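Enquirer: Please read through the structure below; I'll follow up with questions.
The values are calculated or read from the model by the stated rules, or taken from the named source; none is laboratory data. Since the model is a prediction, treat every value here as computed from it, not as a measurement. Because the Cβ atoms are built from the backbone with ideal geometry, glycine has one as well, and the counts that use them run over all protein chains shown. Ligands, DNA and RNA are stripped out before the accessible areas are found, and what is left, the full protein with its side chains, is counted by its heavy atoms. Shrake-Rupley method; radii C 1.70, N 1.55, O 1.52, S 1.80 Å.
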Amino acid sequence: MLSWLPLLMLVSVAAAQSSRFRAEFPGPYCAARRDRCCHDRQDGCAQPISSTMCYCDEFCDRGEHGDCCPDYEEVCLGMTTPVPPGPLQSCVHKNRYFTPFDPPVVDNCNTCKCNIDGTVTCTDDVCLVDDDLLRQLHHLERSIGWKAGNYSEWWGRKYDEGKVLRLGTFQPKIPVKAMKRLSNRGGPLPSHFDAADHWPRLVGEARDQGWCGSSWALSTTTMASDRFAILSKGREQVQLAPQQLLACVRRQQACSGGHLDTAWQYLRRVGVVNDECYPYIAAKNQCKINDGDTLVSANCELPANVNRTAMYRMGPAYSLNNETDIMTEIKERGTVQAILRVYRDFFSYQNGIYRHSAAATPAEERSAYHSVRLIGWGEERVGYDMVKYWIAVNSWGTWWGENGRFRILRGTNECEIESYVLASNPYVHQHVQTVRNVGDLQELIVGTGYVPHPSRQRPYPPHSRG
(Lines give C-alpha, C1' and ligand atoms only; values in the text may rest on other atoms or scores of the structure.)
Protein backbone atom coordinates (compact mmCIF):
# COMPACT_ATOMS: atom_id res chain seq x y z
CA MET A 1 0.00 0.00 0.00
CA LEU A 2 2.89 2.37 0.78
CA SER A 3 4.21 2.18 -2.81
CA TRP A 4 0.98 3.74 -4.08
CA LEU A 5 1.10 6.76 -1.83
CA PRO A 6 3.61 8.88 -3.85
CA LEU A 7 1.67 8.26 -7.08
CA LEU A 8 -1.62 9.13 -5.42
CA MET A 9 -0.08 12.33 -4.07
CA LEU A 10 1.24 13.36 -7.53
CA VAL A 11 -2.11 12.70 -9.18
CA SER A 12 -3.89 14.64 -6.48
CA VAL A 13 -1.49 17.63 -6.80
CA ALA A 14 -1.63 17.73 -10.62
CA ALA A 15 -5.39 17.39 -10.70
CA ALA A 16 -5.77 20.06 -8.05
CA GLN A 17 -3.56 22.54 -10.01
CA SER A 18 -5.42 21.89 -13.28
CA SER A 19 -8.79 22.31 -11.63
CA ARG A 20 -7.70 25.52 -9.92
CA PHE A 21 -6.43 26.95 -13.27
CA ARG A 22 -9.74 26.17 -14.97
CA ALA A 23 -11.66 27.58 -12.04
CA GLU A 24 -9.76 30.89 -12.17
CA PHE A 25 -9.90 31.16 -15.98
CA PRO A 26 -12.98 29.28 -17.17
CA GLY A 27 -12.85 30.70 -20.72
CA PRO A 28 -13.81 29.69 -23.33
CA TYR A 29 -10.53 30.25 -25.18
CA CYS A 30 -9.68 27.65 -27.86
CA ALA A 31 -13.36 26.72 -27.99
CA ALA A 32 -14.20 30.33 -28.93
CA ARG A 33 -12.14 30.23 -32.12
CA ARG A 34 -13.84 29.18 -35.29
CA ASP A 35 -10.72 27.55 -36.77
CA ARG A 36 -9.46 26.15 -33.41
CA CYS A 37 -6.08 25.63 -35.24
CA CYS A 38 -4.85 22.84 -32.99
CA HIS A 39 -2.02 21.57 -35.26
CA ASP A 40 1.58 22.60 -35.89
CA ARG A 41 2.94 25.97 -34.81
CA GLN A 42 0.62 28.80 -35.55
CA ASP A 43 1.54 31.98 -33.73
CA GLY A 44 -1.76 33.52 -34.75
CA CYS A 45 -3.68 30.97 -32.68
CA ALA A 46 -3.57 33.18 -29.61
CA GLN A 47 -6.23 34.29 -27.19
CA PRO A 48 -6.02 37.00 -24.54
CA ILE A 49 -6.01 35.73 -20.97
CA SER A 50 -5.54 37.94 -17.93
CA SER A 51 -2.65 40.29 -18.83
CA THR A 52 -1.01 38.02 -21.43
CA MET A 53 -1.78 35.62 -24.25
CA CYS A 54 -2.39 31.87 -24.35
CA TYR A 55 -2.16 29.66 -27.47
CA CYS A 56 -4.20 26.90 -29.05
CA ASP A 57 -1.62 25.39 -31.42
CA GLU A 58 0.39 22.23 -31.01
CA PHE A 59 3.57 24.18 -30.20
CA CYS A 60 2.06 25.51 -26.96
CA ASP A 61 2.29 22.11 -25.29
CA ARG A 62 5.95 22.29 -24.19
CA GLY A 63 5.86 20.93 -20.65
CA GLU A 64 6.87 23.42 -17.96
CA HIS A 65 7.46 26.10 -20.64
CA GLY A 66 4.08 25.59 -22.25
CA ASP A 67 1.67 28.49 -22.79
CA CYS A 68 -1.52 26.68 -23.78
CA CYS A 69 -4.95 28.03 -23.00
CA PRO A 70 -6.77 26.36 -20.11
CA ASP A 71 -9.15 24.52 -22.45
CA TYR A 72 -6.46 23.39 -24.97
CA GLU A 73 -6.40 19.73 -23.87
CA GLU A 74 -10.18 19.48 -23.84
CA VAL A 75 -10.70 21.18 -27.26
CA CYS A 76 -7.66 20.00 -29.21
CA LEU A 77 -6.78 16.67 -27.61
CA GLY A 78 -10.25 15.58 -26.51
CA MET A 79 -9.14 15.16 -22.92
CA THR A 80 -11.56 15.99 -20.15
CA THR A 81 -10.21 17.60 -17.06
CA PRO A 82 -10.06 14.90 -14.40
CA VAL A 83 -12.07 15.42 -11.28
CA PRO A 84 -9.56 15.56 -8.48
CA PRO A 85 -9.92 12.67 -6.04
CA GLY A 86 -10.97 13.57 -2.58
CA PRO A 87 -8.70 12.95 0.36
CA LEU A 88 -8.09 9.26 1.12
CA GLN A 89 -11.00 8.19 3.34
CA SER A 90 -10.46 6.16 6.50
CA CYS A 91 -13.16 4.08 8.17
CA VAL A 92 -13.87 3.31 11.81
CA HIS A 93 -15.66 0.25 13.18
CA LYS A 94 -15.92 -0.31 16.92
CA ASN A 95 -12.99 2.06 17.56
CA ARG A 96 -10.79 0.42 14.94
CA TYR A 97 -9.54 2.62 12.11
CA PHE A 98 -8.69 1.19 8.69
CA THR A 99 -8.64 2.21 5.01
CA PRO A 100 -9.99 0.67 1.79
CA PHE A 101 -6.51 -0.75 1.18
CA ASP A 102 -6.31 -2.55 4.55
CA PRO A 103 -7.50 -6.13 5.07
CA PRO A 104 -11.08 -6.46 6.34
CA VAL A 105 -11.55 -6.07 10.06
CA VAL A 106 -12.69 -9.22 11.90
CA ASP A 107 -15.70 -8.64 14.16
CA ASN A 108 -16.40 -11.92 15.99
CA CYS A 109 -17.67 -14.27 13.23
CA ASN A 110 -18.16 -11.44 10.70
CA THR A 111 -15.80 -9.34 8.58
CA CYS A 112 -16.04 -5.63 7.77
CA LYS A 113 -14.46 -3.79 4.84
CA CYS A 114 -13.85 -0.08 4.34
CA ASN A 115 -15.38 1.47 1.23
CA ILE A 116 -13.87 4.32 -0.84
CA ASP A 117 -16.51 6.74 0.42
CA GLY A 118 -15.64 6.00 4.06
CA THR A 119 -18.60 3.75 4.81
CA VAL A 120 -18.22 0.28 6.33
CA THR A 121 -19.84 -2.90 4.96
CA CYS A 122 -20.00 -5.99 7.23
CA THR A 123 -21.24 -9.55 6.76
CA ASP A 124 -24.31 -10.33 8.86
CA ASP A 125 -24.00 -13.91 10.11
CA VAL A 126 -25.40 -14.98 13.49
CA CYS A 127 -22.45 -15.77 15.74
CA LEU A 128 -22.31 -18.62 18.22
CA VAL A 129 -22.00 -16.06 21.00
CA ASP A 130 -21.89 -12.27 21.10
CA ASP A 131 -22.07 -9.42 23.57
CA ASP A 132 -25.80 -8.92 23.06
CA LEU A 133 -26.64 -12.55 23.85
CA LEU A 134 -24.48 -12.56 26.98
CA ARG A 135 -25.99 -9.28 28.11
CA GLN A 136 -29.50 -10.71 27.73
CA LEU A 137 -28.62 -13.92 29.56
CA HIS A 138 -27.06 -12.02 32.46
CA HIS A 139 -30.21 -9.90 32.66
CA LEU A 140 -32.41 -13.03 32.73
CA GLU A 141 -30.20 -14.98 35.12
CA ARG A 142 -32.51 -14.87 38.14
CA SER A 143 -35.59 -15.86 36.18
CA ILE A 144 -34.06 -18.72 34.16
CA GLY A 145 -32.12 -20.26 37.05
CA TRP A 146 -28.74 -20.66 35.39
CA LYS A 147 -25.65 -18.56 34.72
CA ALA A 148 -24.03 -17.88 31.35
CA GLY A 149 -20.28 -17.96 30.78
CA ASN A 150 -18.10 -16.23 28.20
CA TYR A 151 -16.14 -19.03 26.51
CA SER A 152 -13.30 -17.98 24.21
CA GLU A 153 -13.74 -21.23 22.24
CA TRP A 154 -17.00 -19.92 20.77
CA TRP A 155 -15.79 -16.49 19.63
CA GLY A 156 -15.20 -16.09 15.92
CA ARG A 157 -17.51 -19.01 15.11
CA LYS A 158 -20.86 -18.84 13.34
CA TYR A 159 -23.94 -20.35 14.95
CA ASP A 160 -24.41 -22.56 11.89
CA GLU A 161 -20.85 -23.89 12.42
CA GLY A 162 -21.63 -24.73 16.02
CA LYS A 163 -24.81 -26.59 15.11
CA VAL A 164 -22.97 -28.83 12.65
CA LEU A 165 -19.53 -29.23 14.24
CA ARG A 166 -20.27 -29.07 17.97
CA LEU A 167 -23.43 -31.21 17.98
CA GLY A 168 -23.90 -33.97 15.42
CA THR A 169 -26.87 -36.19 16.29
CA PHE A 170 -29.73 -36.51 13.84
CA GLN A 171 -33.30 -36.48 15.06
CA PRO A 172 -34.55 -40.07 15.17
CA LYS A 173 -36.82 -41.22 12.41
CA ILE A 174 -40.44 -41.73 13.45
CA PRO A 175 -40.37 -45.59 13.31
CA VAL A 176 -37.23 -45.67 15.44
CA LYS A 177 -38.55 -43.18 17.96
CA ALA A 178 -41.80 -45.13 18.24
CA MET A 179 -40.15 -48.48 18.94
CA LYS A 180 -41.30 -50.47 21.95
CA ARG A 181 -40.10 -49.05 25.23
CA LEU A 182 -39.13 -51.02 28.28
CA SER A 183 -40.44 -50.26 31.75
CA ASN A 184 -38.37 -50.77 34.88
CA ARG A 185 -40.03 -52.14 37.96
CA GLY A 186 -37.80 -50.80 40.65
CA GLY A 187 -38.23 -49.93 44.28
CA PRO A 188 -38.25 -46.47 45.85
CA LEU A 189 -35.85 -43.98 44.34
CA PRO A 190 -33.71 -41.46 46.25
CA SER A 191 -34.12 -37.73 45.73
CA HIS A 192 -30.49 -37.50 44.63
CA PHE A 193 -28.31 -39.97 42.74
CA ASP A 194 -25.01 -39.56 40.91
CA ALA A 195 -23.62 -42.62 39.12
CA ALA A 196 -20.08 -41.23 39.40
CA ASP A 197 -20.41 -41.21 43.20
CA HIS A 198 -22.24 -44.54 43.36
CA TRP A 199 -19.62 -46.29 41.20
CA PRO A 200 -16.37 -44.40 41.91
CA ARG A 201 -13.83 -44.41 39.05
CA LEU A 202 -16.19 -46.40 36.82
CA VAL A 203 -17.99 -43.49 35.12
CA GLY A 204 -15.95 -41.54 32.59
CA GLU A 205 -15.43 -37.77 32.60
CA ALA A 206 -16.51 -35.47 29.81
CA ARG A 207 -14.53 -35.84 26.59
CA ASP A 208 -14.14 -33.09 23.99
CA GLN A 209 -15.42 -33.89 20.52
CA GLY A 210 -13.65 -30.82 19.11
CA TRP A 211 -14.96 -29.16 15.95
CA CYS A 212 -16.43 -32.38 14.65
CA GLY A 213 -20.16 -33.19 14.76
CA SER A 214 -19.54 -36.53 16.44
CA SER A 215 -21.77 -36.47 19.51
CA TRP A 216 -23.57 -39.51 18.07
CA ALA A 217 -20.31 -41.47 18.33
CA LEU A 218 -18.96 -39.94 21.57
CA SER A 219 -22.16 -40.38 23.58
CA THR A 220 -22.53 -43.97 22.35
CA THR A 221 -19.01 -45.13 23.16
CA THR A 222 -18.74 -43.28 26.49
CA MET A 223 -22.03 -44.75 27.70
CA ALA A 224 -20.93 -48.21 26.54
CA SER A 225 -17.60 -47.71 28.36
CA ASP A 226 -19.43 -46.82 31.57
CA ARG A 227 -21.59 -49.93 31.33
CA PHE A 228 -18.66 -52.23 30.65
CA ALA A 229 -16.97 -50.93 33.81
CA ILE A 230 -20.11 -51.00 35.98
CA LEU A 231 -21.58 -54.34 34.90
CA SER A 232 -18.20 -56.10 35.01
CA LYS A 233 -17.74 -54.74 38.54
CA GLY A 234 -14.64 -52.84 37.50
CA ARG A 235 -12.85 -55.71 35.75
CA GLU A 236 -13.28 -54.15 32.30
CA GLN A 237 -12.54 -50.47 32.65
CA VAL A 238 -12.05 -49.45 29.06
CA GLN A 239 -12.44 -46.29 27.02
CA LEU A 240 -14.01 -47.40 23.74
CA ALA A 241 -13.06 -45.80 20.44
CA PRO A 242 -15.48 -43.25 18.93
CA GLN A 243 -13.03 -42.87 16.05
CA GLN A 244 -13.88 -46.37 14.84
CA LEU A 245 -17.54 -45.33 14.54
CA LEU A 246 -16.59 -42.17 12.62
CA ALA A 247 -14.46 -44.15 10.19
CA CYS A 248 -16.34 -47.42 9.84
CA VAL A 249 -20.09 -47.01 10.33
CA ARG A 250 -21.84 -46.78 7.00
CA ARG A 251 -24.81 -44.55 6.21
CA GLN A 252 -23.52 -41.98 8.69
CA GLN A 253 -21.98 -38.58 7.93
CA ALA A 254 -18.99 -38.78 10.31
CA CYS A 255 -18.23 -35.24 11.52
CA SER A 256 -21.46 -33.93 9.97
CA GLY A 257 -23.67 -36.10 12.17
CA GLY A 258 -25.16 -39.55 12.57
CA HIS A 259 -28.10 -41.61 13.84
CA LEU A 260 -27.91 -43.30 17.25
CA ASP A 261 -29.74 -46.48 16.21
CA THR A 262 -27.18 -47.09 13.44
CA ALA A 263 -24.32 -46.66 15.91
CA TRP A 264 -25.83 -49.19 18.33
CA GLN A 265 -26.44 -51.67 15.52
CA TYR A 266 -22.73 -51.48 14.68
CA LEU A 267 -21.72 -52.06 18.32
CA ARG A 268 -24.03 -55.07 18.44
CA ARG A 269 -22.95 -56.58 15.12
CA VAL A 270 -19.22 -55.76 14.92
CA GLY A 271 -18.09 -54.22 18.21
CA VAL A 272 -15.31 -51.70 18.78
CA VAL A 273 -11.74 -51.57 20.00
CA ASN A 274 -10.38 -49.35 22.73
CA ASP A 275 -9.36 -45.73 22.30
CA GLU A 276 -5.64 -46.44 22.54
CA CYS A 277 -5.89 -48.79 19.56
CA TYR A 278 -7.94 -46.35 17.47
CA PRO A 279 -7.20 -42.80 18.76
CA TYR A 280 -9.75 -40.03 18.31
CA ILE A 281 -8.72 -37.36 15.77
CA ALA A 282 -12.03 -35.44 15.37
CA ALA A 283 -12.11 -36.20 11.63
CA LYS A 284 -13.04 -39.09 9.40
CA ASN A 285 -10.21 -41.36 8.29
CA GLN A 286 -9.96 -44.70 6.52
CA CYS A 287 -11.53 -47.60 8.40
CA LYS A 288 -8.95 -50.12 9.57
CA ILE A 289 -11.36 -52.61 11.19
CA ASN A 290 -12.98 -55.42 9.22
CA ASP A 291 -16.08 -57.41 10.09
CA GLY A 292 -15.01 -60.45 12.05
CA ASP A 293 -11.85 -58.86 13.43
CA THR A 294 -10.72 -59.56 16.97
CA LEU A 295 -8.50 -57.44 19.19
CA VAL A 296 -5.63 -59.63 18.02
CA SER A 297 -6.27 -59.28 14.27
CA ALA A 298 -6.84 -55.54 14.77
CA ASN A 299 -3.35 -55.31 16.31
CA CYS A 300 -4.67 -53.97 19.61
CA GLU A 301 -3.03 -54.47 22.97
CA LEU A 302 -5.00 -57.02 24.97
CA PRO A 303 -6.47 -56.04 28.34
CA ALA A 304 -4.50 -57.10 31.40
CA ASN A 305 -7.36 -57.78 33.82
CA VAL A 306 -9.38 -60.26 31.77
CA ASN A 307 -8.65 -62.84 29.12
CA ARG A 308 -10.38 -60.98 26.29
CA THR A 309 -9.57 -61.24 22.59
CA ALA A 310 -13.04 -60.47 21.23
CA MET A 311 -14.22 -56.99 20.25
CA TYR A 312 -16.17 -54.98 22.81
CA ARG A 313 -19.75 -55.59 21.75
CA MET A 314 -23.11 -54.44 23.10
CA GLY A 315 -26.52 -56.05 23.21
CA PRO A 316 -29.61 -54.54 21.57
CA ALA A 317 -30.33 -50.92 22.44
CA TYR A 318 -33.69 -50.29 24.10
CA SER A 319 -35.69 -47.13 24.71
CA LEU A 320 -36.93 -46.10 28.16
CA ASN A 321 -40.49 -45.09 28.79
CA ASN A 322 -40.63 -42.23 31.28
CA GLU A 323 -38.88 -40.29 34.03
CA THR A 324 -39.14 -43.04 36.64
CA ASP A 325 -37.97 -45.73 34.22
CA ILE A 326 -34.94 -43.62 33.30
CA MET A 327 -34.06 -43.09 36.97
CA THR A 328 -34.41 -46.78 37.79
CA GLU A 329 -32.28 -47.78 34.81
CA ILE A 330 -29.48 -45.40 35.84
CA LYS A 331 -29.56 -46.56 39.46
CA GLU A 332 -29.63 -50.27 38.65
CA ARG A 333 -27.43 -50.57 35.57
CA GLY A 334 -25.54 -47.35 34.89
CA THR A 335 -25.57 -44.31 32.64
CA VAL A 336 -27.96 -43.87 29.71
CA GLN A 337 -27.94 -41.90 26.47
CA ALA A 338 -30.36 -39.06 25.70
CA ILE A 339 -31.06 -36.82 22.75
CA LEU A 340 -31.20 -33.09 23.45
CA ARG A 341 -32.60 -30.27 21.32
CA VAL A 342 -30.00 -27.50 21.45
CA TYR A 343 -30.63 -23.78 21.09
CA ARG A 344 -28.09 -21.00 20.83
CA ASP A 345 -28.19 -20.06 24.51
CA PHE A 346 -27.12 -23.58 25.57
CA PHE A 347 -23.58 -22.99 24.29
CA SER A 348 -23.12 -20.26 26.92
CA TYR A 349 -24.29 -22.39 29.91
CA GLN A 350 -21.89 -22.23 32.85
CA ASN A 351 -23.76 -23.50 35.91
CA GLY A 352 -27.23 -23.92 37.38
CA ILE A 353 -30.29 -25.82 36.20
CA TYR A 354 -30.67 -25.22 32.48
CA ARG A 355 -33.89 -24.33 30.74
CA HIS A 356 -34.19 -22.74 27.33
CA SER A 357 -34.39 -18.95 27.62
CA ALA A 358 -35.97 -16.20 25.55
CA ALA A 359 -32.60 -14.52 25.03
CA ALA A 360 -32.21 -15.52 21.37
CA THR A 361 -34.33 -13.72 18.78
CA PRO A 362 -36.80 -15.76 16.68
CA ALA A 363 -34.52 -15.55 13.64
CA GLU A 364 -31.83 -17.32 15.67
CA GLU A 365 -34.06 -20.12 16.92
CA ARG A 366 -32.76 -22.60 14.38
CA SER A 367 -32.13 -25.51 16.70
CA ALA A 368 -30.33 -28.80 16.16
CA TYR A 369 -29.97 -32.11 18.00
CA HIS A 370 -27.23 -33.38 20.26
CA SER A 371 -26.73 -36.53 22.34
CA VAL A 372 -25.39 -36.71 25.89
CA ARG A 373 -25.13 -39.10 28.84
CA LEU A 374 -27.54 -38.95 31.76
CA ILE A 375 -25.73 -40.07 34.91
CA GLY A 376 -28.07 -39.06 37.70
CA TRP A 377 -30.65 -36.68 39.08
CA GLY A 378 -31.41 -34.39 41.99
CA GLU A 379 -33.57 -31.56 43.22
CA GLU A 380 -32.81 -28.09 44.52
CA ARG A 381 -34.86 -25.43 46.22
CA VAL A 382 -35.08 -22.27 44.16
CA GLY A 383 -37.05 -19.60 45.97
CA TYR A 384 -40.26 -21.25 47.16
CA ASP A 385 -40.10 -24.04 44.58
CA MET A 386 -38.34 -27.40 44.60
CA VAL A 387 -36.80 -27.80 41.15
CA LYS A 388 -36.02 -31.30 39.86
CA TYR A 389 -33.11 -31.85 37.47
CA TRP A 390 -31.12 -34.41 35.53
CA ILE A 391 -27.32 -34.60 35.76
CA ALA A 392 -25.88 -34.93 32.26
CA VAL A 393 -22.36 -35.21 30.84
CA ASN A 394 -21.65 -33.29 27.66
CA SER A 395 -18.89 -33.91 25.10
CA TRP A 396 -17.31 -30.44 24.99
CA GLY A 397 -14.54 -31.05 27.51
CA THR A 398 -14.24 -30.24 31.20
CA TRP A 399 -13.71 -26.51 30.48
CA TRP A 400 -17.41 -26.14 29.66
CA GLY A 401 -20.31 -26.05 32.12
CA GLU A 402 -19.96 -27.67 35.54
CA ASN A 403 -16.67 -29.47 34.84
CA GLY A 404 -18.07 -30.83 31.59
CA ARG A 405 -21.49 -31.55 33.05
CA PHE A 406 -24.77 -29.68 33.07
CA ARG A 407 -28.02 -29.92 34.97
CA ILE A 408 -31.34 -29.62 33.16
CA LEU A 409 -34.98 -29.55 34.27
CA ARG A 410 -36.41 -33.02 34.99
CA GLY A 411 -39.93 -34.23 34.47
CA THR A 412 -40.99 -31.60 31.91
CA ASN A 413 -39.18 -32.96 28.84
CA GLU A 414 -37.11 -29.78 28.69
CA CYS A 415 -35.51 -29.50 25.24
CA GLU A 416 -36.88 -33.02 24.54
CA ILE A 417 -34.35 -34.54 26.97
CA GLU A 418 -36.80 -37.29 28.00
CA SER A 419 -38.24 -38.03 24.56
CA TYR A 420 -35.63 -40.52 23.35
CA VAL A 421 -33.48 -42.16 26.03
CA LEU A 422 -31.51 -45.30 25.19
CA ALA A 423 -29.68 -47.97 27.12
CA SER A 424 -27.82 -51.13 26.18
CA ASN A 425 -25.97 -53.85 28.04
CA PRO A 426 -22.47 -55.06 27.24
CA TYR A 427 -21.14 -58.48 26.44
CA VAL A 428 -18.85 -58.37 29.46
CA HIS A 429 -16.09 -60.93 29.64
CA GLN A 430 -17.22 -62.34 32.95
CA HIS A 431 -20.44 -61.39 34.71
CA VAL A 432 -21.09 -62.61 38.24
CA GLN A 433 -24.64 -62.51 39.60
CA THR A 434 -26.00 -63.73 42.93
CA VAL A 435 -29.02 -65.96 42.27
CA ARG A 436 -30.11 -67.18 45.71
CA ASN A 437 -28.88 -68.02 49.13
CA VAL A 438 -28.39 -71.71 49.89
CA GLY A 439 -27.80 -72.05 53.57
CA ASP A 440 -24.79 -69.95 54.48
CA LEU A 441 -23.58 -69.91 50.87
CA GLN A 442 -24.54 -67.87 47.84
CA GLU A 443 -25.13 -69.66 44.58
CA LEU A 444 -23.56 -67.71 41.72
CA ILE A 445 -23.92 -67.66 37.98
CA VAL A 446 -20.53 -67.10 36.39
CA GLY A 447 -20.45 -66.81 32.64
CA THR A 448 -19.61 -64.79 29.60
CA GLY A 449 -21.78 -62.93 27.17
CA TYR A 450 -24.68 -60.54 27.02
CA VAL A 451 -26.31 -59.35 30.23
CA PRO A 452 -30.05 -59.09 29.41
CA HIS A 453 -32.35 -56.36 30.65
CA PRO A 454 -34.35 -57.55 33.73
CA SER A 455 -37.59 -57.50 31.77
CA ARG A 456 -36.10 -60.01 29.33
CA GLN A 457 -34.61 -62.37 31.87
CA ARG A 458 -36.34 -65.67 32.62
CA PRO A 459 -37.00 -66.20 36.32
CA TYR A 460 -34.58 -68.65 37.84
CA PRO A 461 -36.43 -71.92 38.71
CA PRO A 462 -37.25 -72.34 42.38
CA HIS A 463 -34.80 -74.42 44.33
CA SER A 464 -36.03 -77.88 45.34
CA ARG A 465 -34.25 -80.76 47.02
CA GLY A 466 -35.92 -83.34 44.79
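Enquirer: Determine, for each peptide in 421-428, 55-62, 276-283, 299-306, the mean count of other beta carbons within 10 angstrom over its residues, then list the peptides with the highest first. Before the final figure, lay out the partial values.
Expert: Working: 421-428: 23.5, 55-62: 18.8, 276-283: 15.8, 299-306: 12.6.
Ranked from most to least packed, the peptides come out as 421-428, 55-62, 276-283, 299-306.
Enquirer: Follow-up. At a 1.4 Å probe radius, carbon and sulfur cover how many percent of the accessible area of the range 19-77?
Expert: 45 percent
Enquirer: Separate question: May I ask you to evaluate 6.51 cos²θ - 1.76 cosθ + 1.60, the Karplus curve with θ = phi - 60°, for each residue of the range 266-281 and list the ³J(HN,Hα) values in order in whole Hz, giving x for glycine and proline?
Expert: 5, 5, 6, 7, 10, x, 10, 9, 8, 5, 5, 7, 9, x, 7, 10
Enquirer: Ordering Arg269, Arg341, Arg250, Arg142 from largest to smallest accessible area (1.4 angstrom probe), what's the sequence?
Expert: In descending accessible area the options line up as Arg142, Arg250, Arg269, Arg341.
Enquirer: Compute the whole-percent fraction of alpha carbon pairs in the range 133-423 spaced more than 35 Å apart.
Expert: Values: 6702 of 42195 pairs.
The calculated P(r) of the range 133-423 puts 16 percent of pairs beyond 35 Å.
Enquirer: Here is a follow-up. Order 211-217, 195-201 from most to least packed using the mean count of other Cβ atoms within 10 Å.
Expert: In descending order of packing, they fall as 211-217, 195-201.
Enquirer: Apply the Karplus curve 6.51 cos²θ - 1.76 cosθ + 1.60, θ = phi - 60°, to the phi angles in the range 311-324 and return the couplings in whole Hz, x for Gly and Pro.
Expert: 4, 7, 10, 10, x, x, 6, 9, 9, 9, 7, 7, 4, 5
Enquirer: Amide H to amide H, which residues 5 or more places from Val428 or on other chains are under 5 Å from it, using H placed in the peptide plane?
Expert: HN-HN under 5 Å from Val428: Gly449, Val451.
Enquirer: Moving to a separate point now. Taking amide H atoms as placed 1.01 Å from N in the peptide plane, list the residues 5 or more away in sequence, or in a different chain, whose amide H sits under 5 Å from that of Val336.
Expert: Close amide H contacts, sequence-distant or interchain: Leu374.
Enquirer: Now, a different point. Treat each spin label as a single point 7 Å out from the Cα along the C-beta direction, and report the Thr123 to Glu416 distance in nm.
Expert: 2.8 nm
Enquirer: In addition: I want to check the label-to-label distance for Glu205 and Trp399. Put each point 7 Å from Cα in the C-beta direction and report it in nm to one decimal.
Expert: In this crude label model, Glu205 to Trp399 measures out at 1.4 nm.
Enquirer: Also: First obtain the Kirkwood hydrodynamic radius of the range 319-392 from its Cα pairs, then insert it into the Stokes-Einstein equation at 10 °C and 1.306 mPa s, and state the resulting D in µm² per second as a whole number.
Expert: Translational D for this selection: 112 µm²/s.
Enquirer: With a 10 Å radius around each residue's Cβ, average the other Cβ atoms per peptide and rank 124-131, 38-45, highest first.
Expert: Ranking the peptides 124-131, 38-45 by packing returns 124-131, 38-45.
Enquirer: How big is the convex hull of the Cα atoms of the range 120-178, per residue, in Å³?
Expert: With only Cα atoms used, the range 120-178 gives 143 Å³ per residue.
Enquirer: Across the range 46-63, in residue order, what do the Karplus-derived ³J(HN,Hα) couplings come to in whole Hz, using 6.51 cos²θ - 1.76 cosθ + 1.60 with θ = phi - 60° and x for Gly and Pro?
Expert: Going residue by residue, I get 10, 9, x, 8, 6, 9, 9, 10, 10, 10, 10, 9, 5, 5, 5, 8, 10, x Hz, with x marking Gly and Pro.
Enquirer: Using only the alpha carbons of the range 139-297, determine the length spanned along each of the three principal axes and report them from longest to shortest in whole angstroms.
Expert: Ordered largest first, the range 139-297 gives principal extents of 58, 47, 35 Å.
Enquirer: What's the local net charge at Trp199, with K and R +1, D and E -1, over the other residues with C-beta under 15 Å away?
Expert: Charge balance in the 15 Å sphere: 0.
Enquirer: While we're looking at this one, here's another question. Excluding ligands, DNA and RNA, what is the solvent-accessible area per residue of the range 19-77 at a probe of 1.4 Å, expressed in Å²?
Expert: Value for the range 19-77: 65 Å² per residue.
Enquirer: Turning to a different aspect of this structure: Arrange the residues Thr222, Thr119 by how much accessible surface each exposes, largest first, with a 1.4 angstrom probe. Write down the numbers at each step before the final one.
Expert: Working: Thr222 20, Thr119 65 Å².
Ranked from most to least accessible, the order is Thr119, Thr222.
Enquirer: Right, something else. Provide the gained length on full extension for the span Asp61 to Asn351, in nm with one decimal, where the gain is 0.36 nm per separating residue minus the Cα-Cα distance.
Expert: 96.3 nm
Enquirer: For Ser191 and Asn290 in the same chain, what is the full-extension length gain: residue separation times 0.36 nm, less their Cα-Cα distance, in nm?
Expert: On the way: separation 99, 0.36 × 99 = 35.64 nm, distance 4.57 nm.
Gain in length upon complete extension: 31.1 nm.
Enquirer: If DNA, RNA and ligands are ignored and the probe is 1.4 Å, what is the ranking of Lys163, Lys233 by accessible area, most exposed first?
Expert: The ordering from most to least exposed comes out as Lys233, Lys163.
Enquirer: Continuing with the same structure: For every other residue with a beta carbon closer than 15 angstrom to the beta carbon of Glu276, add +1 if it is Lys or Arg and -1 if Asp or Glu, then tell me the sum.
Expert: Overall, the nearby charge balance is 0.
Enquirer: Please say if the range 19-77 is rounded, prolate or oblate, where rounded means a/c under 1.5 for a ≥ b ≥ c the square roots of the C-alpha gyration tensor eigenvalues, and otherwise the choice is prolate for a/b larger than b/c and oblate otherwise?
Expert: Because its axes are fairly even, with a/c under 1.5, the range 19-77 counts as rounded.
Enquirer: Between rounded, prolate and oblate, where does the range 240-390 land on the alpha carbon gyration tensor, with a ≥ b ≥ c its root eigenvalues, rounded for a/c under 1.5, else prolate if a/b exceeds b/c?
Expert: prolate
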